[in-house]
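Each reported figure results from applying straightforward, stated rules to the coordinates on display, with no laboratory input. Just so it is clear, the model here is predicted, and its values are computed rather than measured. We place every Cβ from the backbone using ideal geometry, glycine too, and count neighbours over all the protein chains shown.
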Amino acid sequence: MVSHPIRQALVLAHARVDGVPAAALRTGGIPHLVRVLLTLKRRDVRRVWVVAAGPDDRARLEAMLADDPRLDALEIRFVEAPADANRADALAAANGRLRGDFFLVEADRVFALTVLDDLLVAPLDGVTLAVATGDHPRVDGPNLPWSVRDGKIHPGRRPAERTPVPPARYAGLATCDDTFLEVVAEMRDATDPFSAAVEHLAKLGCARAIVAGPRAFSIRLETKADLRRAEDALLDSLRKPDVDGPIARTINRNVSLALTRRLMHLPVPPNAVTVFNLFIALAAGATAAFATPATPWLLGVGAVLWQVASMLDGTDGELARLKFQTSKAGEWLDTVVDDLGRVAFFLGVGHGTATVFQAPLYWNLMLVTVAIQIALNVAAYRKLLEMGAGSHLALAWTEDREDGGPKGPIARFFARIEFMARRDYYIFMFMVVTLLGFVKVAIVCTFLTTLIVLGHDVLRPRKPREARVLQPILLRDE
């Protein structure tokens with residue numbers, strides 16, 4: 001594993017698409033070079049050398065980065081390569097400018113942050129390439145002209161009698177030390193100096209390969225179709241399979257991503273989407289509150305509006321992550337808005353149900369439910385403030401287990417309750433039960449579930465969700 005962080009990067013921005021620098025294209029609503037730099041910044045890179053093809057491209061890219069406060073923490077230096085530069089020319093232009101270890105990134109690619117993570121857990125000695133094996137649909141690149149065994153690159157192809165393995169493809173990202181640029185310069189007379197340099201280091205045992213994981217992507221921008229594929233991959237990377245409930249995975253996330261696709265190229269700030277979603281939730285509560293014996297269907301309309309708010313709830317966070325506009329203030333705004341929307345709907349549906357059925361019991365049940373949930377939220381807010389987080393997702397009742405689910409009947413019972421208490425699940429089920437005409441059942445179930453959640457939180461308070469530790473993944477010969 002890398003024993004120290006990599007603080008610098010070399011970005012090759014020489015490639016062009018239809019006469020335009022690929023780094024100047026907009027991907028996911030922001031200039032692609034900005035996306036590359038902010039992605040590197042997320043992994044603690046502080047100094048970046050950008051190689052542009054000629055003075056015109058350099059001026060265009062420099063102007064594109066000007067006055068972007070998100071880049072203030074980065075020291076960005078530009079280097080000019082010839083206007084018709086290829087990869088070898090771009091590397092030659094940077095030779096002698098970097099010392100020590102660095103990321104090597106080709107800026108004509110849209111790539112996943114997980115690819116950098118894979119590189120960070122690799123041994124750093126010479127050069128380590130990020131590659132994909134087999135028929136990986138989201139990693140573009142030519143097949144490598146070497147064999148790869150046990151995570152190391154070996155010169156020459158594998159013998160024919162050996163069991164064949166799928167060829168590996170270079171994903172356009174690597175970690176290197178400064179000797180790699182020197183070796184590339186020495187190989188300038190080769191047909192492909194980059195490949196020749198890797199092969200030379202491989203003979204010295206200093207060339208490795210890290211295989212990209214199944215959710216990784218590295219898509220080369222050569223056509224408009226590639227740009228569409230890249231944005232599809234960026235949007236898909238916004239899914240949260242570890243925390244999304246079943247309704248969120250199958251319904252809500254698909255709806256929110258569809259809206260995010262339409263908003264990402266518009267100047268719509270994520271916080272504006274959050275506030276808009278609050279109005280939908282308030283409208284849901286108000287609609288349900290106005291239900292009368294003559295208009296009981298307003299309870300169903302309110303429940304449907306609340307489900308609409310739930311489906312759109314992910315859009316603000318998706319926009320923020322896609323366009324690098326995340327902030328603690330925005331995270332807290334989203335959390336508080338979700339909680340306010342829930343309180344508004346519970347009060348509205350409780351009042352409306354009591355009016356429709358002339359039964360104050362349901363209003364009282366919702367009042368108690370809201371009081372308990374406010375108390376739970378206050379306790380959660382205190383923990384989040386101590387953690388420096390702003391989302392309920394930072395807390396968990398159950399610990400991640402490698403040997404399966406929770407053990408024992410009580411633990412399994414609380415796991416079921418936690419599942420039912422997931423926001424996406426209970427909002428959807430509340431809507432379904434209400435539309436079927438059983439809103440009183442939905443209110444009673446909500447009240448009982450809230451009581452159980454309160455008991456669980458008292459007996460076993462929520463704790464910070466543990467971050468996952470990165471593990472190296474090496475290409476193997478078996």
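Before moving on, here are some points about what is shown:
- Each helix, a run of at least 4 DSSP H residues, gives -39500 (n - 2.57); summed and divided by the residues of the chain, these come to -16000 deg cm²/dmol at 222 nm.
- Size of electric dipole in the stretch 8-233: Cβ of Lys, Arg +1 and of Asp, Glu -1, about Cα centre, debye, nearest 20: 560
- Extension gain, Thr326 to Ala73: 0.36 nm times the residue separation minus the Cα-Cα distance gives 89.5 nm.
- Surface/4 estimate of mean projected area, convex hull on alpha-carbon atoms of the chain, nm²: 26.1
- Whole-number Å³ per residue for the convex hull built on Cα positions in the stretch 8-233: 121
- The stretch 241-464: relative contact order in percent, alpha carbon pairs under 8 Å with at least 6 residues between: 25
- For Lys463, a cut-off of 16 angstrom between C-alpha atoms picks up these aspartates and glutamates, skipping any fewer than 8 places away in its own chain: Glu386, Glu399, Asp400, Glu418.
- A full extension of the chain between Met429 and Ala396 corresponds to an added length of 9.7 nm, given 0.36 nm per residue minus the alpha carbon distance.
- Dipole in debye (nearest 20) - the chain, about Cα centre, beta carbon charges: Lys, Arg +1; Asp, Glu -1: 1140
- Signed unit charges on C-beta, dipole axis of the chain, positive-most listed residue Cys206, Val11, Gly348: Gly348
- Extension gain from Leu259 to Arg215, taking 0.36 nm per residue of separation minus the Cα-Cα distance: 13.6 nm
- Separation in nanometres of the label points that stand 7 Å from Cα toward Cβ, at Trp297 and Ala272: 3.5
- Summed residue charge, Cβ within 11 Å of Arg253's Cβ, Lys/Arg positive, Asp/Glu negative: -2
- Lysines whose Cα lies under 26 Å from that of Lys323, excluding same-chain neighbours fewer than 8 positions away: Lys41, Lys224, Lys240
- Pairwise FRET efficiency - Leu361 versus Leu436, Cβ, R0 = 30 Å, nearest 0.05: 0.90
- Ordering Leu376, Gly437, Val148 by Cα displacement along the dipole of the chain toward the positive end leaves Gly437 in first place; charges were set at the Cβ atoms of Lys, Arg (+1) and Asp, Glu (-1).
- Calculated FRET efficiency, Val444 to Glu186, Cβ-Cβ distance, R0 = 60 Å: about 0.20 to the nearest 0.05.
- Magnitude of the charge dipole for the stretch 241-464, about its Cα centre and with charges confined to Cβ atoms of Lys, Arg (+1) and Asp, Glu (-1), is about 140 debye.
- Given charges at Cβ of Lys, Arg, Asp, Glu: the chain dipole, positive-most of Pro137, Val36, Ala320: Ala320
- Sorted fewest first by neighbouring Cβ atoms within 10 angstrom, Tyr170, Tyr425 come out as Tyr425, Tyr170.
- Normalised by the number of residues in the chain, the mean separation of alpha-carbon contacts (under 8 Å, six or more apart) gives a relative contact order of 15 percent.
- Estimated FRET transfer efficiency when R0 is 35 angstrom, pair Ala379-Arg42 (beta carbons, to 0.05): 0.65
- Neighbour-count order for Cys445, Cys176, Cys206, fewest beta carbons within 10 angstrom listed first: Cys445, Cys206, Cys176
- Local electrostatic count at Ala90 - Lys and Arg +1, Asp and Glu -1, tallied over other residues with Cβ under 13 Å: -1
- Ascending count of other beta-carbon atoms within 10 Å, so fewest first, for Asp316, Asp18: Asp18, Asp316
- Alpha-carbon centroid distance for the pair the stretch 47-111 / the stretch 189-218, whole angstrom: 21
- Local charge for Gly172 was computed over the other residues whose Cβ lies under 15 Å away, with Lys and Arg +1 and Asp and Glu -1, and equals 0.
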